[in-house]
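Chemist: Sharing a structure with you now.
The values are calculated or read from the model by the stated rules, or taken from the named source; none is laboratory data. Keep in mind the model is a prediction, meaning the values are calculated, not measured. Cβ: placed from backbone, ideal geometry, glycine included. Neighbour counts: every protein chain shown.
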Amino acid sequence: MAESSFSEQVIAFARAKAMEALPTVIDVRVDTPANPPEQIQLKFVGLSYEDAYAEAETFVKVTDEFAVKHGKGDFASLGRVLDFGSGWGRITRTLLTKVPAQQVHALDVDDQMTALLNLTLPGINALTVSPEPPTVLGEAAIDAALAFSVFSHLSATAHEAWAAEFGRIIAPGGVVAITVLDAAFFAQIAGSQAAVAAGDTNNFAALLASTFDDLPAAEAGFQRGELQYASSGGGEMRTGDYYGWAAAPHQYVKRVWGAAGFRIVEWVPSGVLFPQALVFMVRGAAGPHRVPRWATSPVTRNVVSRRLRPLAGRVKRALQKHR
Ligand SMILES: C[S@@+](CC[C@H](N)C(=O)[O-])C[C@H]1O[C@@H](n2cnc3c(N)ncnc32)[C@H](O)[C@@H]1O
């Protein structure tokens, strides 16, 4: 045989055994996908099996109802649905009870979770993203996006960058559901600090107790409408520069998501449905930060400044008179 000019790796590909049949796209009504090991379930959501899925089902059920009430219809009737920060996929799976795999997108920073989803939920669109956007998704490509316990961990910079990206990828009239830590988080930290002071050796209590160096200052910042972020990291690629504990007040969410083109239509405080607040938003018809063309055209600018100049002079003179 003539000497091959192909690499050994490519020759190994060519000689690999053929599959008996092509993999089929997941249909959860026919196949129940395998779960990851329990420690992975716990690591990502602090719950496993029935408890983890009960939370996922409540989230999908309530947001599906909100989508009917405030949006273009239920998830089953929409085009494309996104599970942002999908983790091991409990919410993605629950979405698959309503939406065909081809219409489901799942994004996460964790490439192992992407591999897990592609393996257990073949046919969905699982992608690894960077901690900050952009994504490869097109403008207005998504009709509904869900992010459970993701924005409750993101720094202000990451939160704001993703809100802007959602403004780009969510279609006009589309909906977004996120969860955030609210004012109750500060009481929880204070409770953990008291428990630790009283000798509680529970790891989680100790972790929470040390969340903010200056708890009263963080709480005051929250009351002023600023996101309070405590960098902790979350293991592996979830580095502390963008991942930790984040409490987001209503004013902050309204301001940041408003600038991205969204309107808050439901706010369910923490403790009602989940340990975090649920925020449901609708994307307006117009794009974010959209300034009408006429306002930026040089012709308009010249006309406006010509008309305003004499007026500005009169105001200035009137003010000088009254000094
Ligand atoms: C607490 S887990 C929640 C997982 C999933 N949403 C659930 O409820 O089952 C947070 C997830 O968000 C992912 N994540 C963190 N930062 C992210 C970012 N900047 N972009 C996308 N995903 C991110 C993490 O890797 C992790 O899978």
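Chemist: For residues in the range 217-237 being assigned to a strand (DSSP E or B) and touching a residue at least 24 places away in the same chain (Cβ under 8 Å), which is surrounded by the most Cβ atoms within 10 Å (Cβ to Cβ)? Working first, answer last.
Modeler: Going through the range 217-237, the residues assigned to a strand (DSSP E or B) turn out to be 228-231, 235.
Among the residues that remain, those that are also touching a residue at least 24 places away in the same chain (Cβ under 8 Å) are: 229, 231, 235.
Numbers: Tyr229: 24, Ser231: 14, Gly235: 11.
Out of the qualifying residues, it is Tyr229.
Chemist: Can you report the number of residues in the range 68-89 which are of a type in the set (Asp, Glu) and near the ligand (Cβ under 10 Å from one of its atoms)?
Modeler: Residues in the range 68-89 being of a type in the set (Asp, Glu) and near the ligand (Cβ under 10 Å from one of its atoms): 1 in total.
Chemist: Here are the criteria: (1) over 17 Å from Ala177 (Cβ atoms); (2) of a type in the set (Ser, Thr, Tyr); (3) within 10 Å of the ligand (Cβ to nearest atom). Tell me which single one Thr92 does not satisfy.
Modeler: (1)
Chemist: List pairs: first residue in the range 118-129 and at pLDDT 95 or above, second residue of a type in the set (Lys, Arg) and assigned to a loop (DSSP other than H, G, I, E, B) anywhere in the structure, Cβ distance under 9 angstrom, at least six positions apart or on different chains.
Modeler: Asn125/Arg80
Chemist: How many residues are of a type in the set (Lys, Arg) and part of a loop (DSSP other than H, G, I, E, B) if we restrict to the range 73-104?
Modeler: 2
Chemist: Name the pairs whose Cβ atoms lie under 7 Å apart, with the first residue in the range 188-216 and β-branched (Val, Ile, Thr), the second surrounded by 16 or more Cβ atoms within 10 Å (Cβ to Cβ) and outside any helix (DSSP H, G or I), and 6 or more positions between them or separate chains?
Modeler: Listed pairs, sorted by first residue: Ile189/Thr211; Ile189/Phe212; Thr211/Ala230; Thr211/Trp245.
Chemist: For Thr201, which of the numbered conditions (1) in a strand (DSSP E or B); (2) β-branched (Val, Ile, Thr); (3) modelled with pLDDT under 95 fails to hold?
Modeler: Of the numbered conditions (1) in a strand (DSSP E or B); (2) β-branched (Val, Ile, Thr); (3) modelled with pLDDT under 95, the odd one out for Thr201 is (1).
Chemist: Could you check the range 157-172 and list, in sequence order, the residues that are under 18 Å from His105 (Cβ atoms) and either in contact with an Asp or Glu (Cβ under 9 Å, 6 or more places away or on another chain) or among the polar types (S, T, N, Q) (or both)?
Modeler: Trp162, Glu165, Arg168, Ile169, Ile170, Ala171
Chemist: Another question, if that's okay. Restricting to the range 95-142, name every residue that is within 12 Å of the ligand (Cβ to nearest atom), crowded, with 18+ Cβ neighbours inside 10 Å and either aromatic (Phe, Trp, Tyr) or farther than 24 Å from Arg283 by Cβ (or both).
Modeler: Asp110, Met113, Thr114, Leu116, Leu117, listed by residue number.
Chemist: Taking the conditions exactly as written (farther than 28 Å from Asp241 by Cβ, outside any loop (DSSP other than H, G, I, E, B), modelled with pLDDT of 95 or more and among the aliphatic types (A, V, I, L, M)), does Val25 satisfy them or not?
Modeler: Spelling it out, it is not the case that Val25 is farther than 28 Å from Asp241 by Cβ, outside any loop (DSSP other than H, G, I, E, B), modelled with pLDDT of 95 or more and among the aliphatic types (A, V, I, L, M).
Chemist: All but one of (1) more than 14 Å from His153 (Cβ to Cβ); (2) within 16 Å of the ligand (Cβ to nearest atom) hold for Ala259; state the number of the condition that does not hold.
Modeler: The failed condition is (2).
Chemist: Of everything in the range 165-199, what is within 13 Å of the ligand (Cβ to nearest atom) and surrounded by fewer than 21 Cβ atoms within 10 Å (Cβ to Cβ)? Give them in sequence order.
Modeler: Correct list: Glu165 only.
Chemist: I'd like to check something: does the range 48-57 contain any residue that is away from the ligand (no atom under 14 Å from the Cβ), crowded, with 18+ Cβ neighbours inside 10 Å, free of Cβ contacts under 8 Å to residues at least 60 places away in the same chain and outside any helix (DSSP H, G or I)?
Modeler: no
Chemist: For the list (1) over 10 Å from the mean Cα position of the chain (by Cα); (2) at negative phi, I need the number of the one condition that Ala140 fails.
Modeler: (2)
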